[in-house]
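One structure is given below, encoded as structure tokens.
Just so it is clear, none of the values below were taken in a lab; they were calculated from the coordinates. Note that the structure is predicted; figures quoted are calculated from it, not measured. Please note: Cβ atoms are built from the backbone with ideal geometry, for glycine as well, and neighbour counts cover all protein chains shown.
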């Protein structure tokens, strides 16, 4: 498949991309895998998509995509390169802005990081149909600020108890600090069809009981929209080990079908 050149010279327009932050309470739930393959699925549906790697200190989107960037967001932040130079074509027909890894100076939210991320969003938003912000895991100030740049939030979790506990903590913080009344949930690595809906129901009950009463408006609710589930699939491990997109190598496997269904839901909303 021929990878398109990113629309670096696209003229500004009044229309801005829909921005979706993809986050998780803990690492190891497949958040970056979901981000990359979801971007490919959205591109297949005709959208101009960019994935912004906002895990500024522990970036691994380049590993998932088997890219070896000479220019990263670090170079843009320091003025060594332009934003145009940092936007790269990725396998799957979408574009990426990659972060560096092991950069301690970006592990906390400074005024510089805040201003640069906002500036980047302002510049690229008119050029794409959708921007996926692949955040770090957890609830650090850098993660929360990256999420705040998006109109919509997708929380990725697995059915494991530790993942659900951390997902709940993330949802609680986003609701109470950012006044989010609606968030989407994707449940990865489910063992059977329908398990994701069960997980969503469990989380919704806990949120209704403990988070909704904390809202300043009496009777206010928090909606967890079930966006989809991704079945545990050996093909995922194989694709990750080969540093290839699942949608490029085995688009007909169960996990890929789950991602395609999530993309269809997103484009229909």
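Using only the Cα atoms of the chain, build the gyration tensor, take square roots of its eigenvalues as a ≥ b ≥ c, and label the shape rounded, prolate or oblate: rounded if a/c is under 1.5, else prolate if a/b is larger than b/c, else oblate. It is oblate, given that a/c is not under 1.5 and a/b is not larger than b/c. At full extension, residue 223 and residue 198 could sit 7.5 nm farther apart than now, given 0.36 nm per residue minus the alpha carbon distance. Among 116, 265, 31, the order by Cβ neighbours within 10 angstrom, fewest to most, reads 265, 116, 31.
Using Cβ counts within 10 Å as a stand-in for footprinting exposure, how do 68, 226 rank, fewest first?
With the sparsest Cβ surroundings first, the list reads 68, 226.
Extension gain for residue 15-residue 241 works out to 77.5 nm (0.36 nm per residue, less the C-alpha to C-alpha distance).
Dividing the summed helix terms, -39500 (n - 2.57) for each DSSP H run of n ≥ 4, by the number of residues in the chain produces a 222 nm estimate of -11500 deg cm²/dmol to the nearest 500. Shown is the FRET efficiency for residue 181 and residue 248, computed with R0 = 35 Å from the Cβ-Cβ distance and rounded to the nearest 0.05: 0.45.
Among 191, 201, the order by Cβ neighbours within 10 angstrom, fewest to most, reads 191, 201.
Here the stretch 120-183 and the stretch 41-83 have alpha carbon centers that stand 17 Å from each other.
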